[in-house]
């Protein structure tokens, strides 16, 4: 991991220490330090789960990644649910999907295309990601369509619970299929070898890298071996790091949620803008940087796996879990989103599908995705409430 991440761990204790001191604590100060502190915490949670996967195998490792891969966002959202900030939670869900499909992938294609020109990837894998994203977005669109009729609005909660359970089941099947494919490919690599979709370039490498992409796609992470050699610490140390970073994430998340409304009033930001833009960027900062790095190294196929995997995980795992967890709070979360949020989800899925059709990408496609993301940010910044 970059050395600056280790130094930035000092930022994770600033807001908790300030909250314990008997002095006036400006919300803006707490907000800034919690945002800065959550970035290295997210990175170390991802590193700890990857280290544990080395010891427990791909099946348990996949479950660990599914549970802790989006832990910062999940924890922030749970505290927001407890505080009754339902619209912030909904905005963070749609913002995560949109930021991964547009901001992360767009930035990766732009950087990779700027350095290498056209880049190539397996269009069949991208097609599988697109199918899962369409299914996931459908799970978020159907409740809204059902709620249009006034007679159906009273049934929005049971509809959301039922669809959440279905989405979780599909995600488990997707996880199981991916893990099975990886293990089968390791037993018989020639059988699962993929034909080239474009002329191979010197930077391409065959073999186990394809298997790593499968794991990255389902977990939304990146195998550290793509970025260089690494050593694995003892399992007890990884568990200790995972426990400590999760605890630190929970503490900082609680403080962050408490500052959303006062900071929003001070800066003129709506809570929905904070949930749609700020929280997804903070919660996925480590994955975002990994995607950009591998694209710069001419591995845009892995960048697509990271972006699509994170979007799929949020829509089919994080959102359903939050719906079920909210049943224990006073205000319950449903899957009925604002029409503009649903339009952006649909556009992000359609653009991802079109980009992945021909098995190649360019910097212009990346800039187009980024342009749509910036448009969305401008709209949510200027429209109040």
(request) Residues being assigned to a helix (DSSP H, G or I) and buried (at least 18 other Cβ atoms within 10 Å of the Cβ): count how many of those fall in region 348-364. (result) 6
(request) Among the candidates 268, 207, single out the residue that is surrounded by fewer than 18 Cβ atoms within 10 Å (Cβ to Cβ), more than 23 Å from the chain's Cα centre (by Cα), at pLDDT below 75 and at positive phi. (result) 207
(request) Test residue 168 against the criterion of being in a helix (DSSP H, G or I), at pLDDT 60 or above, farther than 30 Å from residue 368 by Cβ and touching a helix residue (DSSP H, G or I) at 6+ places or on another chain (Cβ under 6 Å), and give yes or no. (result) yes
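This table checks each residue for (1) closer than 20 Å to residue 141 by Cβ; (2) touching a strand residue (DSSP E or B) at 6+ places or on another chain (Cβ under 9 Å); (3) at pLDDT 85 or above.
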site	(1), (2), (3)
55	no, no, no
65	no, no, no
69	no, no, no
73	no, no, no
76	no, no, yes
98	yes, no, yes
(message) Taking the condition of being closer than 14 Å to residue 305 by Cα and over 17 Å from the mean Cα position of the chain (by Cα), how many residues in region 85-125 meet it?
(response) 7
(message) If I ask for residues that are surrounded by fewer than 17 Cβ atoms within 10 Å (Cβ to Cβ) and more than 14 Å from residue 262 (Cβ to Cβ), which ones from region 19-35 would you list?
(response) 19, 20, 21, 22, 23
(request) Take residue 251 and decide whether it is at pLDDT below 85 and under 30 Å from residue 17 (Cβ atoms). (result) no
(request) Can you give me the number of residues within region 114-128 that are at pLDDT below 85 and part of a helix (DSSP H, G or I)? (result) 6
(message) Which residue is surrounded by the fewest Cβ atoms within 10 Å (Cβ to Cβ), if the candidates are limited to region 74-96 and must be in a loop (DSSP other than H, G, I, E, B) and touching a helix residue (DSSP H, G or I) at 6+ places or on another chain (Cβ under 8 Å)?
(response) 83
(request) Test residue 294 against the criterion of being closer than 30 Å to residue 82 by Cβ, assigned to a helix (DSSP H, G or I) and either without any contact (Cβ under 8 Å) to a residue 24 or more places away in the chain or more than 14 Å from the chain's Cα centre (by Cα) (or both), and give yes or no. (result) no
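The values are calculated or read from the model by the stated rules, or taken from the named source; none is laboratory data. Predicted, not measured: the structure shown is a model, and the values here were computed from it. Note: ideal-geometry Cβ built from the backbone for every residue, glycine included; neighbour counts use all protein chains shown.
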